[in-house]
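Everything below concerns the one structure shown next.
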Amino acid sequence: MSQIPQAGSLAGPPPPQFPPHSLSNLLGKHIVLGLSGGIACYKAAELCRALVKAGAAVQVVMTEAAAQFITPVTMQALSGRPVYTSQWDAREGNNMSHINLSREADAIVVAPASADFMAKLLHGRADELLSLMCLARPMAQVPLIVAPAMNREMWANPATQRNVAQLKADGIHVLDVGQGDQACGETGDGRMLEADELLEELEAFFTPKRLAGQHVLVTAGPTYEALDPVRGITNLSSGKMGFAIAQAAWRAGAQVSLVAGPVGLATPRGVQRVNVQSAEQMWQAVQPLAQVATVFIAAAAVADWRQAQVATQKVKKDASGATPDLHFVENTDILASVARSGRAQSGALFCVGFAAESHDLQAHAQAKRLRKGVPLLVGNIGPATFGRDDNALLLLDEHTCEALPQAPKTVLAAQLIDRIAQRLNS
Ligand code: CTP
């Protein structure tokens, strides 16, 4: 059993350094990155860099058309390996780069995949190295992931849509396209996903789908309870832990709904987000979702009280020095209310609570678990983690107490999702 997290000061000690690649599922993976012709080739340069940073070995293969948009020199510099552009490349001892390259790969990622390249894949054509290598890959061991990139009319064309459907039926992972301004000056669907979106898709691809078929509902961030139109009370919470949990649940194959208090964090890929301000709004947003979700993770720092009467105009200071009269009423305990519902009681909805404590973590967290009526409670020392990227957790259920030692919140989120999946499956 690892060490139980200790309370720290609000500022906390300097954050521990975690190498970026220690956070990634791509660490040690061998990715063959194929580029076919399209202006989105410039994004492939960013993707290559991000993959290397995540700890993957990247072998670039380019078509002749791709080399019109970006040079092999650029891709060699970013990947740190010579780029392959021809099936007649004599560098390979057996002169069979299409075989050798595909045998080493954990996945082949074609980004960008042009309309023409997808049509070639569909027909099993093999007149240049990239399509030849895709055809020659051992299908059972080396997945093929393609990121389409083209003009909106080309994307919408029935020929392309037919090809996409058939490629999917053939077991090829065809990623979504982005929407927006296109290099040709038109606007619509067909842009290649951005490098960070592609990276997230690949992270998800290599995550075991332990929550497939589950619908995970997460609350995250603080709530804000207005006192008047310009002032309010809130809790110290960055939302980072809740957002990391939503991301980890999506990567693990779940449908994810995220009810977020006021935080400035980007919505994790694939996650449905509902923004709220107050505890009451959070409660209103949670209720319908708790009717359909199968897992509820209450990571939000919900304000316990709200002002009974919110002033409609700004409360002004006067010369007397009198302080305002504040009267609070208690907010609904969202977690406890959901945990009491029929679905939670019948086991159709697995509820997970959080406890942000300042001291005596284990005792307070266990008491809170029983008080809230949840099977699993995650304890942490609030002041030691607020706003930071790392944390340490204590997982408590009826029989066990497991400490997850100090780590980035993204890592802890993946571990928590893993522990929840274990309990759902047992
Ligand atoms: N919670 C909630 N609704 C509330 C208050 C808390 O859903 N009105 C949830 C939190 O999201 C968390 C758990 O209950 O999962 C515990 O929150 P915490 O603030 O640690 O505990 P409280 O119930 O507020 O108890 P106390 O302030 O006395 O520690």
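Table for the structure above
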| quantity | calculated |
| --- | --- |
| Leading residue by the ranking (farthest from the ligand (Cβ to nearest atom)) among those in segment 361-408 that are out of contact with any His (no Cβ under 9 Å at 6 or more places or on another chain), β-branched (Val, Ile, Thr) and touching a residue at least 24 places away in the same chain (Cβ under 8 Å) | Thr385 |
| Among residues of segment 291-305, those that are over 23 Å from Thr385 (Cα atoms) and buried (at least 21 other Cβ atoms within 10 Å of the Cβ), counted | 2 |
| Test: residue in segment 219-235 that is surrounded by fewer than 18 Cβ atoms within 10 Å (Cβ to Cβ) and within 14 Å of the ligand (Cβ to nearest atom) | yes |
| Residue pairs meeting the criteria (Cβ under 6 Å; at least 6 apart or on separate chains; first without any contact (Cβ under 8 Å) to a residue 24 or more places away in the chain, in segment 333-354; second basic (Lys, Arg) and away from the ligand (no atom under 13 Å from the Cβ)) | none |
| Residue within segment 197-217 that is surrounded by 14 or more Cβ atoms within 10 Å (Cβ to Cβ) and within 16 Å of the ligand (Cβ to nearest atom) present | yes |
| Those helices (runs of 4 or more DSSP H) lying entirely in segment 98-196 with at least 2 residues in contact with a helix residue (DSSP H, G or I) (Cβ under 8 Å, 6 or more places away or on another chain), in the same structural domain as Ala44 (by TED's automatic domain parsing) and surrounded by 21 or more Cβ atoms within 10 Å (Cβ to Cβ) | 115-123, 129-136 |
| Among residues of segment 239-274, those that are in contact with a helix residue (DSSP H, G or I) (Cβ under 9 Å, 6 or more places away or on another chain) and farther than 13 Å from Leu217 by Cβ, counted | 17 |
| Test result for Val352, within 11 Å of the ligand (Cβ to nearest atom), crowded, with 20+ Cβ neighbours inside 10 Å, farther than 19 Å from Ala413 by Cα and within 29 Å of the chain's Cα centre (by Cα) | no |
| Any hit, segment 276-289, residues being more than 8 Å from the ligand (Cβ to nearest atom), hydroxyl-bearing (Ser, Thr, Tyr) and not assigned by TED's automatic domain parsing to the domain that holds Gly387 | no |
| Near pairs, Cβ below 8 angstrom, 6+ apart or cross-chain, from segment 409-425 (touching a residue at least 60 places away in the same chain (Cβ under 8 Å)) to any residue that is of a type in the set (Phe, Trp, Tyr) | Val411/Phe18; Ile420/Phe350; Arg423/Phe350; Leu424/Phe350 |
| Qualifying residue in segment 398-416 (condition: modelled with pLDDT of 95 or more and touching a Gly at 6+ places or on another chain (Cβ under 7 Å)) | no |
| Subset tally (residues that are within 9 Å of the ligand (Cβ to nearest atom) and either within 18 Å of Gln277 (Cβ to Cβ) or of a type outside the set (Gly, Ala, Ser) (or both)) for segment 306-343 | 7 |
| Residue match in segment 292-303 (condition: of a type in the set (S, T, N, Q) and away from the ligand (no atom under 11 Å from the Cβ)) | yes |
| Residues within segment 154-182 that are touching a Gly at 6+ places or on another chain (Cβ under 8 Å) and in contact (Cβ under 8 Å) with a residue 24 or more places away in the chain, tallied | 5 |
| Residue among Val73, Val61, Val52 that alone is modelled with pLDDT of 90 or more, of a type outside the set (Lys, Arg) and crowded, with 22+ Cβ neighbours inside 10 Å | Val61 |
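Listed here are the residues, each with its yes/no results for (1) closer than 18 Å to Leu167 by Cβ; (2) of a type outside the set (Val, Ile, Thr).
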{"site": "His30", "(1), (2)": "no, yes"}
{"site": "Ala56", "(1), (2)": "no, yes"}
{"site": "Glu64", "(1), (2)": "no, yes"}
{"site": "Gln76", "(1), (2)": "no, yes"}
{"site": "Gly80", "(1), (2)": "no, yes"}
{"site": "Ala90", "(1), (2)": "no, yes"}
{"site": "Glu104", "(1), (2)": "no, yes"}
{"site": "Ile108", "(1), (2)": "yes, no"}
{"site": "Arg125", "(1), (2)": "yes, yes"}
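The values are calculated or read from the model by the stated rules, or taken from the named source; none is laboratory data. Since we're looking at a predicted model, the values are computed, not measured. Heads up, the Cβs are rebuilt from the backbone with ideal geometry, glycines too, and the neighbour counts pull from every protein chain shown.
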